[in-house]
Amino acid sequence: MLKCMTMISPYARALAFTFAFSFSASALSAVPSGSAAPDFSLPGHDGKTYKLSDLKGKFVVLEWFNNDCPYVKKHYDGGNMQALQTKYSAKNVVWLTINSSAPGKQGHLDEKGAKEMVATRKAALTAMLLDPKGEVGRMYDAKTTPHMYIINPEGKLVYQGAIDDKPSANAKTLAEASPIFANALDSAIAGKAIAEASTKPYGCSVKY
Amino acid sequence: MAAAFRALALLFLLHQLIFAVDTFAFSEHPHSRARWIASHQSLHGERPTYLALHLKLDPEWHSYWENPGDSGAAPILEIKAPEGVVVSKSLYPLPKRIEVPPLMTFGYEDEVMYLFEARLDPDYKGKETVSLELNAEWLVCKVECIPAYGTFALTLRTDGPHTVSADEQAIQAVRKQLPGSAVDQELSVQAVAEGEKIRLDLKSPPALEYLDFFPASASHLSNVKPELLSAKAGETSIRLALERPPLQNRLQGLLVYTDGGQRSSIALDVPLSSPLAPQEDFAWAKMLAFAFLGGFLLNLMPCVFPIISIKLLSILQHAHDSRKLLRQHCLAYVLGVVSSFLAIALFLILLRQGGEAVGWGFQLQSLPFLISLSFLFMLLAFNFLGVYEINLPLGKRTAGLLGKGGAIGQFFTGMLSTVVASPCTAPFMGVAMGTAFSQPIPLILLVFTALGLGLSAPYILFMVWPGMLRFLPKPGIWMESLRQFMAFPLLATCLWLLWIVGQVAGQDALVLTLACLLVSGLGLWIKWRLQYSRLALAIIALALAANLRLLSQVATANSSSVAGDRTKLSAIPWETFSQERLKAELNQGKAVFIDFTADWCITCKVNERLTFRSAAVAEFIARHEILMLKADWTRRDPEITAILSEYQRIGVPLYLFWAPGSGRANVLPEVLTPDIFMDELGRSLKP
């Protein structure tokens, strides 16, 4: 009897196993990770125009920014964001910080304001882009500040989501946070698979 | 120096005291005021004391739920409590949607209390007063967001009466907004993955009116309001969109409803099932192949093998002359088996569609069925032994049936084989059947067809290649010996059924059943020896009827006492499962394991013997302080059926484990060894 049972059990397990479905990766955000990053062209703080499709061949980081958001402050006041910008600029990564705050809304910047902002924040970014109509923000479904995106040299969006795993405005949390975004970028540069290509971002809402 | 230090300490103590009293007033923060309060002036070992971070928000400002939605942040609340004080995770009252187009958030306006449930350890040996400290960060937003920070302390007594505080009523009012459980509200939920969306089918008492669904953060679901597919009284279907992949294997969130007046919620945490997508053809084929294989293996079961092998031999013996006849009879038999499997499948589908909570193996929870089967097996065994002959088409001397009308006889033999096979099929097939029943109806029917074909595979073989007859030994006296020998596996099955009768209904019922079997044996002898067929039949029928009648009385009298004893048998301190107990223990952050078992479930019994009697496992359980609960499904129990169906099982075994503080159960494989058990639990226990 026991023998029969051991004969049947693998069958039952295998049967159960066949029901366990694996879901093919399929995203529902505006731009699913793994698909082509939509092209855009925006003016920068330096008066130049930046077109995403011109940057093919390089890794591109998009960072949504609102200087008055406490979560953005957490990453800028202590120099955490600047350190990331410096580190990856040295690795030939194009770092685009995007401001999608509408005129009159919190954190809105014009070209002059953005230029001053880059200087006072000592930001080591390639450019701060101005998206006052929120078109690029909506295109990428940017929800929070900060909200991080990584585009690979082939022009594919490979990561979108949080900068780290501590949804707090408290700077003390930086030390113990797991740097999800930096890990993803390191993996992408090393040609390895990114652990989680889409995570839940945290922060203030983008002020469209 | 020492004196100065002492003075400082005293000053600090004084400050603490004043601070403790002060905490009941609100402290000021940007756009919010906060205080840290308790429902009672003391902590208690059994009765909970509720702690609350009470926020009052400026008009138009809001704070957030556990899932803040597209932006914002849940409060970060860290409690420092002395040893011996057990505090739950934060409990969130029902939030509302706060839309900031194009974004959707969940939170609270005006006022909110984030609650905690606190208790003393039963063997608390600490101080008479304890200080519970809260380190809090909460975000308040209008359009712009401002984080607030606060450190609070609350002093509570640990002795004396459990006296309510001034805030008790306000806290109790908030407690009423905490989500309820699906079981309490008699809600049944099915979550089905449909490509990149999830369909949620809700069945509830008609008075509950669906309002909304708020996904938990862990679900990866879109925060926009779900699409309402259909809504009629008691039945609602909604469709949820995925926010970011991958789709999780469980669906968690809050179901918001109204029962006429109050807006309330139910916390859902259900596994996701998948209908078959077109690309799953291979899985279909594999599943059917396994079903066929499983059906074939059933031929080797002690209650099936004797009947089927004897039957097959008898057909073959009489069909030596005519291959056409042989084919016809085999085909009839195969059809009989397959159609009865389909009938069973349809019966179960209908019952389940009608909301009846049955599983495969349910028939073994029924006393009349058990007793009738044990009678049947005894009669068959007597027949095999040659005590009597009946004209059922089971014996070798039923040559007449192979003539005219024989095919119909074979058809019914096929059906009978399925019925007598069921005590052996049920315990083994339970798990696989459970999985099959989460599939669409056509597939369930296909799986059962494949099972039937598997069970009748030997016949199919002879049907297709009658030439194989050559390889069988010539009929002879050995067949008579084999037939007699086969009576013993049948009697063993009978013994096993009687053991279940004893477990289900107690010792008196068992003896009563045995007595009736004895009388029936006498009846058989009367027929065989004295040739009074009618008298014999009457005696057997009377015995069976009397048995069932008397049993219904004995069984009810015994049922409660039997259940009480059965958890005490092994070295592991098993306790009896109840939904309430489970909830209470989980709220206290205990590690909990549940063994869903039944006496008629052989897989369960083998697991219990191999795993739960192992000293290493007992030691492991003691070391990790795991509460072991046993849910016994030997008799029907709606509470257990409810939780089984929550995990998409229609039968046992099922093993669930909750690591301390984890809201989700880890489902263990249904075949356990000490290593599998300890590995699985060890993995969940690691942070």
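The values are calculated or read from the model by the stated rules, or taken from the named source; none is laboratory data. If you're wondering where the values come from, they're calculated on a predicted model, not measured in any experiment. Cβ coordinates were reconstructed from backbone atoms using ideal geometry, including for glycine residues, and neighbour counts include every protein chain displayed. The area values use the complete protein model at the heavy-atom level, side chains included, leaving out ligands, DNA and RNA. Shrake-Rupley method; radii C 1.70, N 1.55, O 1.52, S 1.80 Å.
Given the conditions (1) among the aliphatic types (A, V, I, L, M); (2) open to solvent by 10 Å² or more (accessible area, probe 1.4 Å); (3) free of Cβ contacts under 8 Å to residues at least 24 places away in the same chain, which single one is not true for residue B:668?
(2)
Six or more apart or on different chains, Cβ atoms under 6 Å: show the pairs whose first residue is in the range A:131-148 and within 18 Å of residue A:34 (Cα to Cα) and whose second is hydroxyl-bearing (Ser, Thr, Tyr) and surrounded by fewer than 23 Cβ atoms within 10 Å (Cβ to Cβ).
Correct list of pairs: A:141/A:29.
Just to check your reading of the model, which residue among A:157, A:185 is more than 14 Å from chain B (Cβ to nearest Cβ) and under 24 Å from residue B:70 (Cβ atoms)?
A:185 is the lone residue from the list that is more than 14 Å from chain B (Cβ to nearest Cβ) and under 24 Å from residue B:70 (Cβ atoms).
Would you confirm whether any residue within the range B:268-279 is open to solvent by 20 Å² or more (accessible area, probe 1.4 Å) and either free of Cβ contacts under 8 Å to residues at least 24 places away in the same chain or of a type in the set (Val, Ile, Thr) (or both)?
Yes; the residues of the range B:268-279 include at least one that is open to solvent by 20 Å² or more (accessible area, probe 1.4 Å) and either free of Cβ contacts under 8 Å to residues at least 24 places away in the same chain or of a type in the set (Val, Ile, Thr) (or both).
Counting just the residues of the range B:644-665 that are within 14 Å of chain A (Cβ to nearest Cβ) and at pLDDT 75 or above, which one comes out surrounded by the fewest Cβ atoms within 10 Å (Cβ to Cβ)?
B:647
Could you tell me whether any residue of the range B:145-158 is touching a residue at least 60 places away in the same chain (Cβ under 8 Å), away from chain A (no Cβ under 14 Å) and assigned to a loop (DSSP other than H, G, I, E, B)?
yes
Going through the range A:50-86 one residue at a time, which ones are touching a residue at least 12 places away in the same chain (Cβ under 8 Å), away from chain B (no Cβ under 14 Å) and part of a helix (DSSP H, G or I)?
Correct list: A:52, A:53, A:55, A:76, A:80, A:81, A:82, A:84, A:85, A:86.
In the range B:232-251, which residues are more than 14 Å from chain A (Cβ to nearest Cβ), open to solvent by less than 70 Å² (accessible area, probe 1.4 Å) and assigned to a strand (DSSP E or B)?
Selection gives B:236, B:237, B:238.
For the range A:44-72, which positions are open to solvent by 60 Å² or more (accessible area, probe 1.4 Å) and either small (Gly, Ala, Ser) or under 17 Å from the mean Cα position of the chain (by Cα) (or both)? Even if it seems obvious, please write down each step before you answer.
Going through the range A:44-72, the residues open to solvent by 60 Å² or more (accessible area, probe 1.4 Å) turn out to be A:48-49, A:51, A:54, A:56, A:58, A:68.
The answer is A:58, and nothing else.
Matching residues to (1) open to solvent by 30 Å² or more (accessible area, probe 1.4 Å); (2) under 19 Å from residue B:666 (Cα atoms):
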residue	(1), (2)
B:590	yes, yes
B:606	no, no
B:623	yes, no
B:632	yes, no
B:642	yes, yes
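Can you confirm whether residue A:154 is of a type outside the set (A, V, I, L, M, F, W, C) and without any contact (Cβ under 8 Å) to a residue 40 or more places away in the chain?
Considered against the rule, which asks whether it is of a type outside the set (A, V, I, L, M, F, W, C) and without any contact (Cβ under 8 Å) to a residue 40 or more places away in the chain, residue A:154 comes out as no.
In the list B:99, B:128, which residue meets the criterion of being within 14 Å of another protein chain (Cβ to nearest Cβ) and either open to solvent by 10 Å² or more (accessible area, probe 1.4 Å) or in contact (Cβ under 8 Å) with a residue 12 or more places away in the chain (or both)?
The unique qualifying residue is B:99.
For the range B:159-199, enumerate the residues that are away from chain A (no Cβ under 14 Å) and acidic (Asp, Glu).
Within the range B:159-199, B:159, B:167, B:168, B:184, B:186 qualify.
Within the range B:593-607, does at least one residue satisfy the condition of being modelled with pLDDT of 80 or more and within 30 Å of residue B:116 (Cβ to Cβ)?
Yes, some residue in the range B:593-607 is modelled with pLDDT of 80 or more and within 30 Å of residue B:116 (Cβ to Cβ).
Among the residues of the range B:672-687, write down those that are open to solvent by 10 Å² or more (accessible area, probe 1.4 Å) and either at pLDDT 75 or above or more than 22 Å from residue B:619 (Cα to Cα) (or both).
Within the range B:672-687, B:673, B:674, B:675, B:676, B:678, B:679, B:680, B:682, B:683, B:684, B:685 meet the criteria.
Hey, can you tell me all the residues within the range B:604-634 that are among the aliphatic types (A, V, I, L, M) and over 16 Å from the mean Cα position of the chain (by Cα)? It would help to see each step written out before you state the result.
Of the range B:604-634, the ones among the aliphatic types (A, V, I, L, M) are B:606, B:610, B:615-618, B:621-622, B:626-629, B:631.
Matches in the range B:604-634: B:606, B:610, B:615, B:616, B:617, B:618, B:621, B:622, B:626, B:627.
Out of the residues in the range B:135-144 meeting the condition of being open to solvent by 30 Å² or more (accessible area, probe 1.4 Å) and charged (D, E, K, R), tell me which one is nearest to the other protein chains (Cβ to nearest Cβ). Working first, answer last.
Narrowing the range B:135-144 to residues open to solvent by 30 Å² or more (accessible area, probe 1.4 Å): B:135, B:142-144.
Checking which are charged (D, E, K, R) leaves us with B:142, B:144.
Values: B:142: 10, B:144: 5 Å.
The extreme case among them is B:144.
State whether one or more residues within the range B:132-139 are closer than 21 Å to residue B:55 by Cα, under 32 Å from the mean Cα position of the chain (by Cα) and at pLDDT 90 or above.
no
Which strands (runs of 3 or more DSSP E) sit wholly inside the range B:1-113 and have at least 2 residues that are touching a helix residue (DSSP H, G or I) at 6+ places or on another chain (Cβ under 7 Å) and either at pLDDT 90 or above or within 28 Å of residue B:251 (Cα to Cα) (or both)? Full working, then the answer.
Working: elements: B:27-29, B:32-38, B:49-57, B:62-69, B:76-80, B:85-87, B:96-100, B:103-109.
Qualifying strands (runs of 3 or more DSSP E): B:49-57, B:62-69.
Only one residue in B:637, B:595 is open to solvent by less than 20 Å² (accessible area, probe 1.4 Å) and among the acidic types (Asp, Glu), so which one is that?
Criteria check complete, one pass: B:595.
Of all residues in the range B:573-593, which are under 27 Å from residue B:505 (Cα atoms) and in a loop (DSSP other than H, G, I, E, B)?
Within the range B:573-593, B:573, B:574, B:577, B:578 meet the criteria.
So, of the residues in the range B:274-303 that are modelled with pLDDT of 75 or more and not in a helix (DSSP H, G or I), which turns out to be farthest from the other protein chains (Cβ to nearest Cβ)?
For the range B:274-303, the residue satisfying everything is B:299.
Within the range A:134-150, identify whether any single residue is on the phi > 0 side of the Ramachandran plot and of a type in the set (Lys, Arg), and answer yes or no.
Checking the range A:134-150: not a single residue is on the phi > 0 side of the Ramachandran plot and of a type in the set (Lys, Arg).
Could you check the range A:95-200 for helices (runs of 4 or more DSSP H) lying wholly inside it with 3 or more residues that are crowded, with 18+ Cβ neighbours inside 10 Å?
Correct list: A:111-120, A:180-189.
Inside the range B:503-549, can you point out the residues that are within 30 Å of residue B:632 (Cα to Cα) and charged (D, E, K, R)?
If the condition is that a residue be within 30 Å of residue B:632 (Cα to Cα) and charged (D, E, K, R), then B:508, B:549 are the ones that fit.
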